[in-house]
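What follows is one structure encoded as structure tokens, with my remarks underneath.
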Amino acid sequence: MSADAVVSETDRSEKNRFSDERLAEIEALVKRYPSAQSALMPVLHMAQEDFGYLSMDTQQMVADVLGLRLMQVREVVTFYTMFREQPCGSYLLEVCTNAGCMLNGANELVAHMCKTLQINIGETTPDGMFTVTEVECAGACGGAPVVQVNNVYHEKATPESMDALIAECRAAGGQ
Ligand code: FES
């Protein structure tokens with residue numbers, strides 16, 4: 001992290017700015033790597049946790065903080081499906097539709113979930129509670145089909161188990 005980068009971060013509006021505590025955490029993290037660029041993935045996770053998703057402003061902020069070009073940040077954000085560029089619902093339902101899960105009913109499962117929630121893939125319910133997306137292999141092929149709900153894995157998911165989970169989430173309300 002260069003001195004110039006820190007100045008640029010200080011000038012940002014409060015709305016889209018890492019807290020001082022977070023900046024200290026990032027500074028400590030960067031020291032563990034040979035270059036600031038190596039800390040990009042964990043810093044993007046922090047930004048997504050703090051701001052909900054990675055808007056272009058947030059990506060620029062991350063670039064400034066680490067002294068990188070915006071394009072270097074965009075290359076990572078657009079490659080990995082765990083990084084979101086749009087706001088999503090309180091419950092993000094990520095259905096793996098890669099080969100292993102597809103062969104075990106993932107396509108039918110995601111269609112069922114969309115029908116239940118009355119949205120299309122990639123959309124959020126009007127009440128802001130649920131977003132359904134498709135993702136590449138979640139790395140848990142033995143439990144196919146796999147649905148991640150806010151990063152918690154649900155393996156061997158079925159239309160019935162997803163209906164029950166959606167009902168549970170609705171009963172719990174937003175987080
Ligand atoms: S194919 Fe779905 S977890 Fe690997």
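Residues that are without any contact (Cβ under 8 Å) to a residue 24 or more places away in the chain and either assigned to a helix (DSSP H, G or I) or of a type in the set (F, W, Y) (or both) within segment 34-44 comprise S38, P42, V43, listed in sequence order.
Can T116 be described as within 18 Å of Y80 (Cβ to Cβ), out of contact with any Cys (no Cβ under 7 Å at 6 or more places or on another chain) and hydroxyl-bearing (S, T, Y)? It is false that T116 is within 18 Å of Y80 (Cβ to Cβ), out of contact with any Cys (no Cβ under 7 Å at 6 or more places or on another chain) and hydroxyl-bearing (S, T, Y).
Does Q118 qualify as being outside the structural domain of E49 (by TED's automatic domain parsing) and more than 16 Å from the ligand (Cβ to nearest atom)? Against the criterion (outside the structural domain of E49 (by TED's automatic domain parsing) and more than 16 Å from the ligand (Cβ to nearest atom)), Q118 qualifies.
The values are calculated or read from the model by the stated rules, or taken from the named source; none is laboratory data. Quick caveat: nothing in here was measured; it's all calculated off a predicted structure. Every residue, glycine as well, gets a Cβ built from its backbone with ideal geometry; the counts of neighbours run over all protein chains shown.
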